[in-house]
1. Sequence-distant or interchain residues sharing an amide H contact under 5 Å with residue 225, placed H: which?
2. When 148, 274, 135 are ordered from fewest to most other Cβ atoms inside 10 Å of their Cβ, what list results?
3. If Lys and Arg each add +1 and Asp and Glu each add -1, what is the summed charge of the other residues whose beta carbon sits under 11 Å from the beta carbon of residue 130?
4. Using each residue's phi in the stretch 241-248, evaluate 6.51 cos²θ - 1.76 cosθ + 1.60 at θ = phi - 60° and report the 3J(HN,Hα) Karplus result to the nearest Hz, with x for Gly and Pro.
5. With r as the distance between the Cβ atoms of residue 4 and residue 225 and R0 = 30 Å, compute the FRET efficiency 1/(1 + (r/R0)^6) and round to 0.05.
6. Within the stretch 116-199, list the trypsin sites (Lys or Arg not before Pro) lying in a DSSP loop whose Cβ has at most 14 other Cβ atoms in a 10 Å radius.
7. Determine, for each peptide in 6-12, 153-159, the mean count of other beta carbons within 10 angstrom over its residues, then list the peptides with the highest first.
8. What's the FRET efficiency of residue 255 with residue 15 using the Cβ-Cβ distance as r and R₀ = 25 Å, to the nearest 0.05?
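Please treat every number below as a calculation from the coordinates, not as lab data. Since the structure is predicted, the reported quantities are computational estimates derived from the model, not experimental observations. Cβ atoms come from the backbone with ideal geometry, glycine included; neighbour counts cover every protein chain shown.
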Amino acid sequence: MAIVCPLCDSPSAATRRGRGGLSLRACDDCGSRYLDVAIHPYRPAATYDDEYFTPWDMRPGSPSWMQREETAGMRLDLLISMGAAGRLLDLGCAGGYLVAAALARGFDAFGMDISSHAVSVARSVAPDRIKQGVIEEASYPPASFDVITAFDVVEHHPDPAALLRRVAEVLRPGGVFVVTVPDLDSLTARLMGASWPHYKEEHRFYPTRAAFRRLLARTGLGLARETGARKRLSLAYLDPLLRAYPVPALTRLSAFVFRTLPRALREARFTVTIGERLYVARREA
Ligand SMILES: [Zn+2]
C-alpha cells in the first residue's frame, strides 16, 4: 500500500523523527507532517479505550471539566458573533462540555464520540443527545445541521478529506464548521522541533496552514475566519497531562511548581494559545 499525505495525497515525503521516536513523514509538496502508517497503524478501538481519558478527569463539575466548558464557551461566543444558531453537532464530544455550553447558549445541541466511556459521561450531562460512533457511519440526513464543531478531534482521524466531505454533506448550505488542528506553522512548533507536545501517536497528521486551507476548500468548506486557538488552562489541568505525555524539562518544572504552589494558584485559570489553529468555514451552496 502506497503511503500518501493525508492533506494533499502526495506520495513524496522524507522521513523525520518526532517526540518519543515517532516515525513521521514530511510532505515534499505541502510541507505537512504525518505518521508513517506502516509503522503506526490506525487502531481506534485499542487507542480510545476506557483508560484514554484518565489524565483529563472528565467528571462533570470537576475543575478540568469546567475549564473545558469555558474553552468551549469562548469558541461558541465567537460563532454566535458570526451569526451561528440552531442545530449543532459536536464531533469528538468527550465529556459533553461543549454540548452543555451550547445548550446553555440556546443551540439545539448534540454530540458524538467514538469512545463508550466518553459517551457515558456526556449522556450524564445531556441525556438523549449523544451518539456513539463516527459521523461517516451515522444516519444523519444531508443538510441536517446548522453548525458542526470539531475540537481536538480531526487530527485523530486517518482520512481528514473523507471526514470533511461528510461534514459538508451533513451541514446545510451556508452552515458553519469550526475546527481546531495542531499548527505546524505555530511558534511553539518551530521552537520546540521534535519535542513539540502535539507529536503523539494519536495525532495522525500535522498540517501547515496553507495545506489545511486547501483541504477545506476542496471539500466544499469556504474559509470564513482563522486564528490561533485559545484555551483555558491551569496547572492543575496540565500537570497530569505532562506526566502522561512527558516533555523533558517541562514535566520536571511542572511537578516542582505544582508541589510548591498553594491550591488556589494551582487551579487558577488563564488563557493561552498553544500551537493549535482554529478555522471557521461555511458550507458552500
Ligand atoms: Zn502534503
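1. 280
2. Lowest count first: 274, 135, 148.
3. 0
4. 5, 5, 6, 6, 10, x, 10, x
5. Details: r = 29 Å, r/R0 = 0.98.
With a Förster radius of 30 Å, E is 0.55.
6. Counting only loop positions with at most 14 other Cβ atoms within 10 Å, none of the trypsin sites (Lys or Arg not before Pro) in the stretch 116-199 qualifies.
7. On the way: 6-12: 16.4, 153-159: 19.6.
Listed from highest to lowest mean packing, they are 153-159, 6-12.
8. Values: r = 33 Å, r/R0 = 1.33.
It comes out at approximately 0.15.
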